[in-house]
1. Being open to solvent by 70 Å² or more (accessible area, probe 1.4 Å) and more than 22 Å from S126 (Cα to Cα) is the filter here; which residues of region 81-107 pass it?
2. Residue under question is V327, and the condition is that it be out of contact with any His (no Cβ under 6 Å at 6 or more places or on another chain), open to solvent by 20 Å² or more (accessible area, probe 1.4 Å) and not assigned by the TED database to the domain that holds L33; does it hold?
3. What number of residues within region 284-307 satisfy the criterion of being surrounded by fewer than 22 Cβ atoms within 10 Å (Cβ to Cβ) and under 19 Å from M241 (Cβ atoms)?
4. Could you list all residues from region 111-155 that are open to solvent by 20 Å² or more (accessible area, probe 1.4 Å) and either without any contact (Cβ under 8 Å) to a residue 12 or more places away in the chain or of a type in the set (S, T, N, Q) (or both)?
5. What tally of residues in region 445-468 results from selecting those that are in a loop (DSSP other than H, G, I, E, B), farther than 14 Å from L419 by Cβ and open to solvent by 50 Å² or more (accessible area, probe 1.4 Å)?
6. So for region 181-194 (the condition being modelled with pLDDT of 95 or more and out of contact with any Phe, Trp or Tyr (no Cβ under 7 Å at 6 or more places or on another chain)), does at least one residue qualify?
7. Can you tell me which of (1) of a type in the set (S, T, N, Q); (2) at pLDDT 95 or above; (3) open to solvent by less than 90 Å² (accessible area, probe 1.4 Å) is the one Q242 doesn't meet?
8. Can you find, within region 13-32, the residue that is least open to solvent (accessible area, probe 1.4 Å) among those that are modelled with pLDDT of 95 or more and in a helix (DSSP H, G or I)?
Amino acid sequence: SAISKDSLKSSLLQLECHFTWTLLKQDVDLDDLEETIGDQIEFFIEFNIANYNLQSYVCHLKNSNEEALRNLQKAEEIVKKKHPDEIARRSLVTWGNYAWIYYHMERYEEAQTYVSKVENTCKKLSSNAQWKIQLPEIYAEQGWALLKFGGKYYERAKNCFENSLKNEPNNPEFNAGYAIAMYRLEQLSHRQCEDVSPSLEPLKRAVELNPNDTVIMALLALKLQDLKRADEGERYIEVAMQKTSDLPYFLRYAAKFYRRKEEVDKALEILKKALAVTPKSAFLHHQVGLCYRAKLFQLKKTTRYPPQEQVEELIRLSIFHFKTATVQKPKFFSAYADLANMYLQGKRYEEAEETFQKAFQINILSYDDKEEFYYHYGNFQRFHMKSESEAIRYYIEGLKMEKGPYGRNNCRNALKKLLEQRIQRGSGDATDFGTLGLIHNLNGEKHEAIECYEKAIALYPNNEEYLSALCELRLSI
């Protein structure tokens, strides 16, 4: 009956599970996520209850509810094996997902059964709570799910792990989750190179609490490398190598460490080992492409006339692996950007143009991705299509993207250089001076900005935009 359906819906919204954690399918690449979780089920046995719960939600998003139910059954089997004494407590998320999936299948009675199971468990576990029971492991499970849905979710993931740590400050798993969230947030904000690093202590603590977590060890090594303490970092990599020399998740970061240390052959060797285990990993293919690209740039830098067949082979290998990464993960922005730029190295301009366009059509681009796109595309217009006006147009678009204090400033710097060249050549017009004025102003160089706006106005006397900008600047000095 309709009434029970409505009351059921309001009960469902009270549950703590993937369906109420606002994990939006437009923010991820569902096929890639399904593949990733499948790999992790194979390699991180201890997290499999959470992995099967998440996989059930992903299956639901892909419209295969039967498959979703099968994943929940697997989660239940593990709970019975691993936690025979606290089956109810450990099943709350699984039962919540069951309730939602049955609701979507219009099997309302079964949905109601699971809602009641959760309700009764919560009553038993906490005398005053009908529903909302704040269990640290549920916060952590939510945190891990959020981490898998991408950058927009990292801040929320961090908060979840902070909540789970309030109750169990020494829990190794919760500390690992918190450290990973902090590390990723830092990567996002481009603060890796600063002397202070909020993720350093959490990473160290997570390693102390679980010396066998080699993935965290590798992240700590990368963090130390960012902080110009690479020797210290390498010791962690070496210890971890002894412990899990065949875990792909550790190997991917170890390879990144050696690539950044310019030991590219060592990195490639490690990546090939990892690819043998998870051959479909977009991350690994992208890293392999970056290694061949590094070899290409090394060759060009150190050899005046590098042998053409060697150059072509490195370009071919880079293209192959970048392309494979985009096929595996059609929303992998930086793999597209790297692929497009590699086509340019091979003077394959049409394919480059096509790849740039594909990159820009990805529907989950962050401001950073867009800024990077405009920068690379502006360079393409400027250096390859020989169109300065188009380059300026795209750099300006990128300039508008610089959100927050950590914008990459690539477009700003490229634009400044190009405008200064035009002005030196004597081909600068009023717009060039005006734009350069804007950049000086953004950089806080007010006197230079005033000078540029004055020149722009001399060339274009009644332009209101320049006049008001000049007025504001003079007042602010």
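The values are calculated or read from the model by the stated rules, or taken from the named source; none is laboratory data. Keep in mind it's a predicted model, so treat the numbers as computed, not measured. Glycine also receives a Cβ, built like all others from the backbone with ideal geometry; neighbour counts cover every protein chain displayed. The protein model used for the area step is the full one, side chains on, heavy atoms only, and it has no ligands, DNA or RNA in it. Shrake-Rupley method; radii C 1.70, N 1.55, O 1.52, S 1.80 Å.
1. K81, K82, H104, E106, R107
2. Details: out of contact with any His (no Cβ under 6 Å at 6 or more places or on another chain): yes; open to solvent by 20 Å² or more (accessible area, probe 1.4 Å): yes; not assigned by the TED database to the domain that holds L33: yes.
Criteria met by V327.
3. The qualifying residues number 0.
4. Correct list: Q112, T113, S116, N120, K123, S126, S127, N128, Q130, Q134, Q142.
5. Pass one, region 445-468, residues in a loop (DSSP other than H, G, I, E, B): 445, 460-463.
Okay, now just the ones that are also farther than 14 Å from L419 by Cβ, so 460-463.
Now narrow it down to the ones that are open to solvent by 50 Å² or more (accessible area, probe 1.4 Å): 460-462.
Within region 445-468, residues that are in a loop (DSSP other than H, G, I, E, B), farther than 14 Å from L419 by Cβ and open to solvent by 50 Å² or more (accessible area, probe 1.4 Å) number 3.
6. Checked against the condition, which is being modelled with pLDDT of 95 or more and out of contact with any Phe, Trp or Tyr (no Cβ under 7 Å at 6 or more places or on another chain), region 181-194 yields at least one hit.
7. The failed condition is (3).
8. By that ranking, first place goes to H18.
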